[in-house]
1. Can you work out the FRET efficiency for the pair Tyr201 and Leu70, with r the C-beta to C-beta distance and R0 = 41 Å, to the nearest 0.05?
2. For the range 101-138, which chymotrypsin sites (Phe, Trp or Tyr not before Pro) pass both filters: DSSP loop (anything but H, G, I, E, B) and at most 13 other C-beta atoms within 10 Å?
3. As an exercise, use a Förster radius of 30 Å and the Cβ-Cβ distance of Ile169 and Phe301 to find the FRET efficiency, rounded to the nearest 0.05.
4. How much FRET efficiency would the formula 1/(1 + (r/R0)^6) give for Asn187 and Leu316, where r is the Cβ-Cβ distance and R0 is 30 Å, rounded to 0.05?
5. Put a dot 7 Å past each Cα toward the Cβ at Arg52 and Ile129; how far apart are the dots in nm?
6. Which of the helices in the chain meet the span-like rule: DSSP H, Cα axial reach of 18 Å or more, Kyte-Doolittle mean at least 1.6?
7. Any idea what diffusion coefficient the range 167-210 gets from Stokes-Einstein, in µm²/s, Kirkwood Rh on alpha carbon pairs, 4 °C, 1.567 mPa s?
8. So for the chain, taking the charge dipole from beta-carbon charges (+1 Lys/Arg, -1 Asp/Glu), which of Val46, Leu208, Leu73 sits furthest toward the positive end?
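Every number here is computed from the coordinates shown, using simple stated rules; none is lab data. Computed from a predicted structure; not experimentally measured. Here Cβ is always computed from backbone atoms with ideal geometry, including for glycine, and neighbour counts include all displayed protein chains.
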Amino acid sequence: MIINTIEVQTINSFSRLESLKEVYGIIWMFVPILTLVLGITIGVLVIIWLEREISAGIQQRIGPEYAGPLGILQALADGTKLLFKENIIPSRGDTRLFSIGPSIAVISILLSYSVIPFGYRLILADLSIGVFLWIAISSIAPVGLLMSGYGSNNKYSFLGGLRAAAQSISYEIPLTLCVLSISLLSNSSSTVDIVEAQSKYGFWGWNLWRQPIGFIVFLISSLAECERLPFDLPEAEEELVAGYQTEYSGIKFGLFYVASYLNLLVSSLFVTVLYLGGWNISIPYIFVPELFEINKAGRVFGTIIGIFITLAKTYLFLFISITTRWTLPRLRMDQLLNLGWKFLLPISLGNLLLTTSFQLLSL
């Protein structure tokens, strides 16, 4: 059987074209992920700089000013210094647990960003169980802290890991109940649907006004989840040891702080999505010119406006959490657990029952 040479060349060129399309598709699939990671990294650096500047202003002292203009490169300089420092591993500790612990803490929080909408249709994965996926993934982070404390072969580190896990479990339950109340109000667990449900009446359509008790409980629980003052018991500065990270050095030590700021940023974004209307303009649409209507697909200007509004609301919450750190005194461990189990848990349960009752009556 004789095959025409032209036909063979055509088949080869077609197969090469198909393989190039597959490679292009794989590369294009990673572009949104890399863009999100780059944006998150810049966001964390901005948070660190803002915290230093705001804390310096509150304490009436000079903040970072030498590394770059206004000290904006100070966080980058600190991260570079930690990257080149020696990683010391305890001789009698569990090397694998010691090394994996910080990575689990960071990766579990990074995965939470995949379900956050930054604008109209600007989301990595619009899932029907978006908010509960965030809660499920974020609950893995305490496992990494426990592994770090246990792998250090240090009783103080292990106790710090146990305290961090106890704190996280105590405040995850009220936080989950608040999220469940929002899902009942919005008739969906998708983050995009929750934002869309708040867009009807502009500023007055926010869940902040429909769930004021849940908002306060969510605020307190998210601060405790992020181990921010007045809830930073696992690594209190006045203690002789730094909790579960006592034995860590170099970049592994830095990963714990990266995880803390990542958690703070993702909590702020979820406050924006669940209670503050997400990317929507806070003015009823009947008063807004068509130019600013951002729910129309394919408009670059509308997408940029949506991202700007989301970040503005997020950094407003971040400002509140930073000022809280330098305003309130630190709680004791028994006070922290009493607040979680004896106050926030019954209040969040009552809020959920009230929300369920109103939803049943409205049917």
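1. Computed FRET efficiency for Tyr201 and Leu70: 0.55.
2. Sites meeting the loop and neighbour criteria: none at all.
3. With a Förster radius of 30 Å, E is 0.10.
4. Efficiency at R0 = 30 Å is approximately 0.65.
5. 4.2 nm
6. 212-225
7. For the chosen part, D equals 115 µm²/s.
8. Farthest towards the positive pole: Leu208.
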